[in-house]
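**Student:** My questions all concern the structure below.
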Amino acid sequence: MHSTMECLTEWMTRQRWYAGKGRVPKLVEVSRLEWTSDDPDARIRVLLVRDTANNPPSLYHVPIVLRSTIPRGAGSAFIGRDEHDDYLFDGAHDAAYTHALLRRLGVHRDNESSRVHGGEQSNTSIIFDEGSEAPLVAKIFRLVHAGENPDVVLQSALTSAGNRSVPRMLGSLSATWVDPHGSDTHTDEPSTGHLAFAQEFVPRVRDGWPLALEAAEAGESFAADAERLGRVTAEVHAALAACMPAREPTLGDIVGFVAGWHQRLAVAMSDVPQLRELRPAIEAIYDAAREAPWPVLQRIHGDYHLGQVLRRPSGEWLLVDFEGEPLRPLAERTRVDSPLRDVAGMLRSFDYAVGSLRGASRAAAGVVDTASLDLDVLALEAARADWAREARAAFLDGYIAESETDLRAHRALLDAFELDKAVYEAMYEARNRPTWMPIPLAAVAYLVSAERAAKR
């Protein structure tokens, strides 16, 4: 038997949401909340634990249920057995916790049966969709930050404004703590942050990424879907600008954006040497953005790609997961930003759909260089490149039509945002999936090419 922290140390390394992959956690309890339970064998304990093995230290939200017995079918949720002879279970998989969570979220249901949605990385989603009541999903933030989580704030604002292009928000849960081990707070001042929220669960939707992959692989046009997606993206941007802060960019804002791009490039070149010879051309595009016209700065999605959109059977699109890039500090994710960042992110996603198929087909065929490709393979890759160009153009057409914003007037600036995204992608792939590096590197090479310059 071990202490609770010892049990969690071993268990957390096996969880997809644990950010310190390859490290042994060094956990310190920061906060403990005891919740009441209707189950006489269950005690609910909601923990905030700081992992000081990470730099900077990460703060995790870990709800656990303590029991004197092991319920049938609870094996996958088992964390360990503590020094008090209690069995510890992951709250997300235990009905005692999920029932209590709904009540704290202000949601009342007659049927509280739940299941955990698989496949997520930094969060855990619990789905309640049994019975005759409207289905809902409760999302537990595993990585917690001091401050308001944009996933809660933005979707709540859109729900209040009556926007139906996001799932309707139903409630949220926050906590307050004092953490002497945190790097972002004063040791003697309390911090507050979001732990969870609930929203409607939309059944029978499909994720945009596999939809695009299937279409590209089959050679089916995605233009109609992309055009509708461009329209709904512009619609959500307009709604956010109307219900959240928005302002004209200052010279300081513009200089800050450009400096950030340069900084990211400098970091990326250490991982991606291929970027070094392109550095002057990349930096020229960044610097030209200083003189380009800039649209209004506002709140945006912040991590926008095909995996963040869902299509209803009717063909309508929903936007989800407004948390922003998880690795960026919360302070950056809650600032006003350019809507062109979202536009650039989706354009890159269309390219990635085609690039991933190209990489997979070449790997399956044992192809090591372009010279060894036969004519049929080259023709297929050319067709898929056309697919991406058509989808990109349709997305932009939809965005322009809905927003009445001529993105062509911002072409140079949009290229700078897309180039920054591709540089980030190259750095990410170098660190995690080296075989995927050709996808972003091809985008970088094209964006700095004379061919692209002629279109600006």
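No value in this document is a laboratory result; all are computed from the given coordinates. Quantities reported herein were computed from a predicted structural model and do not represent experimental measurements. Note: ideal-geometry Cβ built from the backbone for every residue, glycine included; neighbour counts use all protein chains shown.
**Student:** Provide Rg and Dmax in Å for the chain, with only Cα atoms included in the calculation.
**Tutor:** Final numbers for Rg and Dmax: 23.7, 72 Å.
**Student:** If you filter the range 32-90 for trypsin sites (Lys or Arg not before Pro), then keep DSSP loop positions with at most 15 other Cβ within 10 Å, what is left?
**Tutor:** Taking the range 32-90 and a limit of 15 other Cβ atoms within 10 Å, the loop trypsin sites (Lys or Arg not before Pro) found are 72.
**Student:** Under the rule of at least 5 residues apart or a separate chain, name every residue whose amide H is placed under 5 Å from the amide H of residue 174.
**Tutor:** Sorted by chain and number, the residues that satisfy this are 195.
**Student:** If one computes the Cα centroid of the range 1-74 and of the range 249-309, what distance in Å separates the two points?
**Tutor:** Centre-to-centre (Cα) distance: 38 Å.
**Student:** Per-residue HN-Hα couplings for the range 259-268, Karplus 6.51 cos²θ - 1.76 cosθ + 1.60 at θ = phi - 60°, whole Hz, x for Gly and Pro?
**Tutor:** With coefficients 6.51, -1.76 and 1.60, one gets 4, x, 4, 4, 5, 4, 4, 4, 5, 5 Hz.
**Student:** Taking R0 as 22 Å, what's the FRET efficiency between residue 408 and residue 452 from their Cβ-Cβ distance, rounded to 0.05?
**Tutor:** Given R0 = 22 Å and the Cβ-Cβ separation, E is 0.95.
**Student:** Quick one: order 207, 38, 303 by neighbouring beta-carbon count within 10 Å, fewest to most.
**Tutor:** 38, 207, 303
**Student:** If r is the Cβ-Cβ distance from residue 189 to residue 325 and R0 is 25 Å, what FRET efficiency results, to the nearest 0.05?
**Tutor:** The value I calculate is 0.40.
**Student:** Now a separate question. What are the equivalent ellipsoid semi-axes of the range 144-260, built from the alpha-carbon gyration tensor (square roots of five times its eigenvalues), in whole angstrom, biggest first?
**Tutor:** Taking √(5λ) for each Cα gyration eigenvalue gives 34, 22, 17 Å.
**Student:** Here is a follow-up. Using only Cα atoms, what is the ratio of the radius of gyration of the range 1-125 to 2.2 N^0.38 Å?
**Tutor:** Output field value: 1.05.
**Student:** Still on this structure, I have one more. Evaluate the charge dipole of the chain about its Cα centre and quote only its size in Debye, nearest 20, assuming +1 on the Cβ of each Lys and Arg and -1 on the Cβ of each Asp and Glu.
**Tutor:** Rounded to the nearest 20 debye, it is 280 debye.
**Student:** Using the basic label-point model (7 angstrom from Cα toward the beta carbon), what is the residue 178 to residue 55 distance in nanometres?
**Tutor:** Each label point is offset 7 Å from its Cα along the Cβ direction, giving 2.9 nm.
**Student:** Pick out, in residue order, every one of the GluC sites (Glu not before Pro) in the range 124-232 that is DSSP loop and has at most 15 other C-beta atoms within 10 Å; say none if there are none.
**Tutor:** 130, 133, 220
**Student:** Helix-only estimate, please: 222 nm mean residue ellipticity of the chain, summing -39500 (n - 2.57) across DSSP H runs of length 4 or more and dividing by its residues, to the nearest 500.
**Tutor:** It lands at -13500 deg cm²/dmol.
**Student:** Please get the size of the charge dipole for the range 70-220, origin at its Cα centre, with Cβ charges of +1 on Lys and Arg and -1 on Asp and Glu, quoted in debye to the nearest 20.
**Tutor:** My answer is approximately 520 debye.
**Student:** Treat the count of other C-beta atoms within 10 Å as a stand-in for reagent exposure and order 421, 139, 21 from fewest to most.
**Tutor:** Lowest count first: 21, 421, 139.
**Student:** FRET efficiency for residue 277 and residue 21, Cβ-Cβ distance as r, R0 = 25 Å, nearest 0.05?
**Tutor:** Using R0 = 25 Å, I get an efficiency of 0.20.
**Student:** Taking a virtual spin label 7 Å from the Cα of residue 214 along the C-beta vector, which residues in the range 292-327 bring their backbone nitrogen under 18 Å of it?
**Tutor:** Those under the cut-off are 306-318.
**Student:** Work out the count of Lys pairs in the chain where the Cα-Cα distance is under 27 Å, with the pair 8 or more places apart or on different chains.
**Tutor:** 4
**Student:** Let me ask something additional. Quick one: net charge of residue 21's neighbours, Cβ under 13 Å, K/R +1, D/E -1?
**Tutor:** Net charge in that neighbourhood comes out at +3.
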